[in-house]
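The values are calculated or read from the model by the stated rules, or taken from the named source; none is laboratory data. Owing to the predicted nature of the structure, the values given are computational and were not obtained by experimental measurement. Quick reminder, even Gly has a Cβ in these numbers, built from the backbone with ideal geometry, and neighbours come from all protein chains shown. Accessible surface is based on the protein model in full, side chains and every heavy atom, while ligands, DNA and RNA are left aside. Shrake-Rupley method; radii C 1.70, N 1.55, O 1.52, S 1.80 Å.
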Amino acid sequence: MKAKLRVQRHQKISEIDERLYGSFIEHLGRAVYNGIYEPTHETADAEGFRNDVKQLVKELNVPLVRYPGGNFVSGYKWEDSVGPKENRPRKVDLAWRTIETNQVGVHEFAKWAKEVDTEVNMAVNLGTRGIQEAMELLEYCNFEGGTYWSDLRKEHGTEKPFGFKTWCLGNEMDGPWQIGHKTAEEYGRLAAETAKAMKLVDDSIELVVCGSSSSKMPTFGDWERVVLEHTYEYVDYLSLHCYYGNPENDLGNYLAQSLDMDQFIKTVVSICDYVKVKKGSDKQINLSFDEWNVWYHSNEQDAAMEPWQIAPPLLEDIYNFEDALLIGCLLITLLKNSDRVKIACLAQLVNVIAPIMTENDGETWKQTIFYPFMHVSNHGRGVVLTPSVESDSYSVEGFKHVPYLETIATYNEENNELVIFAVNRSQEETLEFVFEQEGFEFESIIEETAMEGFDVKATNAAGAEVVKPSIVQKATIADNQLTTSLSPLSWNVIRIKVK
Ligand code: AHR
C-alpha cells in the first residue's frame with residue numbers, strides 16, 4: 001500500500017511550546033514514595049530521591065511536571081508538607097484512601113524538579129479549600145520576602161522564591177468522585193475569584209482552569225462554556241483530560257482513538273472561541289491537555305486493593321506494544337493541534353500509569369510507551385509543518401475514515417533537522433511511504449528508528465526490556481524526496497539533516 005506525506009517549509013501549524021511534553025507526578029500509589037523518593041535505595045541522593053529514576057526522567061526530557069495532583073489535590077493541605085519533616089503530620093488521603101506521610105512536600109519536590117531540569121506546574125486545592133489558601137500558597141512559593149508566608153519559606157530553608165509559573169485551579173471539579181465536586185456555576189465563580197486574587201499576588205503566573213474530566217461527561221460542553229463565561233478574563237488555559245483503553249480487544253478501533261482526541265480538542269477550541277466572540281474579547285484561551293494516557297490494565301487489581309496503606313501499588317498499568325502505537329498516534333495528534341494545545345501532561349511519570357517503573361529497593365525499567373514519548377520529546381522541537389497526507393483508510397464504529405498512516409513532520413531550525421514521526425495502523429500491510437517537501441535541501445539521514453515486529457500484547461519488565469526501538473536503514477533520498485517502508489503496526493522516526 002502506498003502513502004504520502006507532503007510539507008512546505010513555510011507552511012507551519014505552530015511553534016512548539018516545549019510544555020507540550022509535560023508529565024505529571026501525583027501523591028498517588030508509588031509515584032512519589034518508592035517512585036521518585038526512596039531514601040533507603042542505594043542510588044538515593046542526600047534528599048532521598050533516587051538517582052536512577054532521575055536519570056530516566058532526564059532521558060525523557062520532560063520540561064514541565066504537574067504536581068501534587070490530580071484527585072489528591074482536592075484534599076491537600078499544603079502547610080502539612082513544609083517545615084521540619086519530623087513535625088509533618090500523617091494524614092488520610094481520601095482521594096485514593098491511602099496514608100500520606102508528607103515526607104515529600106513543596107520544597108523537596110521543587111528541588112527534585114530542578115535536578116531533572118523541569119518546571120513545576122503547581123495545583124491549588126479548590127475542593128476542600130478556596131481563595132485564601134491558594135493566595136497563601138502562591139505567596140509562600142513566589143513572593144520575594146518580607147511577608148509572613150514568604151519569610152516562612154525562607155525559614156524552611158529556601159531563600160529565593162520557587163517562581164512557579166504555571167498553576168492549575170483545582171482538578172476535575174466536574175467529577176462526582178472529586179472531593180468538593182462542584183457545578184459549573186459554583187466552580188466558575190470560585191475559579192474566577194481565585195484567579196483574580198492569585199494574579200494580584202503575582203501577575204507573571206499563568207493559570208489553567210478545569211475543563212471536563214473527559215469528553216464522555218454528561219456536562220461536557222456546557223461545563224466549558226459556563227466555566228469560561230465566569231473566568232475568561234482571568235485565566236490563560238482550559239484543561240482537557242482523557243484516558244484510553246482496549247478492554248474489548250479491538251485493535252483497529254483502539255488505534256483509531258487518536259481521532260477521538262483530535263475531535264475532543266477541536267470541540268473544546270470551538271467552545272473557547274464561542275465564549276471569546278460572546279464576550280467581544282480579543283484574548284485567545286489556549287488548551288492544557290494536562291492528563292492523557294492509556295489507563296485500564298490495572299483496574300481490576302486496584303478494585304481489590306486494601307485501603308489505608310502507605311504507597312500501595314495503585315494504577316500500575318503494564319503497557320504493551322499496541323499501547324505504544326496508540327501513544328505515538330496521540331503524540332502526533334497533540335502536535336497537529338499545537339496551535340492551540342500549548343501544554344500537555346502525560347499522566348503520569350513514575351509507577352502510576354507511567355513510562356518509568358521502579359522496584360522497591362531494586363531496579364528501574366522502561367515501559368513500552370517510554371520510547372515514543374522520548375522520541376517526540378527529544379526530537380519534536382521547533383515548528384510543526386502543516387501536513388498533507390495521502391493514505392488509504394479503514395472504518396470502525398465511530399470513525400468512517402481512519403487513515404492507515406498517522407504522521408507529522410517537525411522542523412528545528414536550530415540544528416537544521418527535519419523529523420518525521422509516523423505510525424502504520426495497518427495490521428497486515430507495509431506502507432510504501434513517500435515524503436515530499438518544498439523549501440528544504442536534504443543533506444543526509446541522521447537516523448531512522450522503528451518499533452516494529454512485536455506481538456501487540458508484548459510487554460516489558462524489570463531486566464527484560466524487549467519491546468524497544470531499533471535503528472533501521474530503509475530510507476533512501478533521491479531528487480530531494482525520501483522514500484521508505486513502514487512495517488505493519490509500527491512506530492517510526494526519521495531524522496533528516498537539511499542544509
Ligand atoms: O491520573 C490519575 C487520576 O486521573 C487523577 O488523579 C485524576 O485527575 C484523574 O481522574
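Filter the stretch 36-76 for residues that are of a type in the set (A, V, I, L, M, F, W, C), in a helix (DSSP H, G or I) and within 16 Å of the ligand (Cβ to nearest atom); which is farthest from Leu126 (Cα to Cα)?
Phe72
Does Pro218 satisfy the condition of being in the same structural domain as Pro63 (by TED's automatic domain parsing), open to solvent by 30 Å² or more (accessible area, probe 1.4 Å), within 15 Å of the ligand (Cβ to nearest atom) and not hydrophobic (A, V, I, L, M, F, W, C)?
Criteria not met by Pro218.
Gly188 fails exactly one of the following numbered conditions: (1) within 14 Å of the ligand (Cβ to nearest atom); (2) more than 22 Å from Val120 (Cβ to Cβ); (3) open to solvent by less than 10 Å² (accessible area, probe 1.4 Å). What is the number of that condition?
The single condition Gly188 does not satisfy is (1).
Has the stretch 264-278 got any residue that is within 16 Å of the ligand (Cβ to nearest atom), open to solvent by less than 50 Å² (accessible area, probe 1.4 Å) and farther than 20 Å from Gly35 by Cα?
Checked against the condition, which is being within 16 Å of the ligand (Cβ to nearest atom), open to solvent by less than 50 Å² (accessible area, probe 1.4 Å) and farther than 20 Å from Gly35 by Cα, the stretch 264-278 yields at least one hit.
Could you name every one of the strands (runs of 3 or more DSSP E) located completely within the stretch 431-485 that has at least 3 residues being among the β-branched types (Val, Ile, Thr)?
Those strands (runs of 3 or more DSSP E) span 442-451.
Would you kindly identify the helices (runs of 4 or more DSSP H) lying entirely within the stretch 218-330 that contain at least 2 residues that are without any contact (Cβ under 8 Å) to a residue 24 or more places away in the chain?
Per the criteria, 257-279, 299-303.
Looking at (1) part of a strand (DSSP E or B); (2) open to solvent by 10 Å² or more (accessible area, probe 1.4 Å), which one does Ala409 not meet, given that it meets all the others?
Single failed check for Ala409: (2).
Kindly indicate which of Glu115, Glu136 is in the same structural domain as Asp203 (by TED's automatic domain parsing) and over 23 Å from the mean Cα position of the chain (by Cα).
Glu136
Any chance the stretch 249-257 includes a residue that's surrounded by fewer than 22 Cβ atoms within 10 Å (Cβ to Cβ), among the aliphatic types (A, V, I, L, M) and touching a His at 6+ places or on another chain (Cβ under 9 Å)?
Checked against the condition, which is being surrounded by fewer than 22 Cβ atoms within 10 Å (Cβ to Cβ), among the aliphatic types (A, V, I, L, M) and touching a His at 6+ places or on another chain (Cβ under 9 Å), the stretch 249-257 yields no hits at all.
Give all pairs with beta carbons closer than 6 Å in which a residue from the stretch 14-27 that is over 13 Å from Leu331 (Cα atoms) meets a residue that is within 11 Å of the ligand (Cβ to nearest atom) and part of a helix (DSSP H, G or I); count only pairs at least 6 apart in sequence or on separate chains.
Close Cβ pairs satisfying both conditions: Glu26/Phe72; His27/Phe72.
Being of a type outside the set (A, V, I, L, M, F, W, C) and either open to solvent by 50 Å² or more (accessible area, probe 1.4 Å) or not assigned by TED's automatic domain parsing to the domain that holds Val350 (or both) is the filter here; which residues of the stretch 42-74 pass it?
If the condition is that a residue be of a type outside the set (A, V, I, L, M, F, W, C) and either open to solvent by 50 Å² or more (accessible area, probe 1.4 Å) or not assigned by TED's automatic domain parsing to the domain that holds Val350 (or both), then Glu42, Glu47, Asn51, Gln55, Lys58, Glu59, Asn61 are the ones that fit.
Leu431 - would you say it is hydrophobic (A, V, I, L, M, F, W, C) and over 29 Å from the mean Cα position of the chain (by Cα)?
yes
Identify the residue in the stretch 139-150 that is open to solvent by 60 Å² or more (accessible area, probe 1.4 Å) and under 16 Å from Glu79 (Cβ atoms) and, among all such residues, is nearest to the chain's Cα centre (by Cα).
Of everything passing the filter in the stretch 139-150, Phe143 is nearest to the chain's Cα centre (by Cα).
Out of (1) touching a residue at least 12 places away in the same chain (Cβ under 8 Å); (2) open to solvent by less than 60 Å² (accessible area, probe 1.4 Å); (3) farther than 21 Å from Tyr371 by Cα, the odd one out for Val384 is which?
Condition not satisfied by Val384: (3).
Quick one: in the stretch 84-106, of everything that is open to solvent by less than 20 Å² (accessible area, probe 1.4 Å) and of a type outside the set (Gly, Ala, Ser), which residue is nearest to Gln178 (Cα to Cα)?
Asp93
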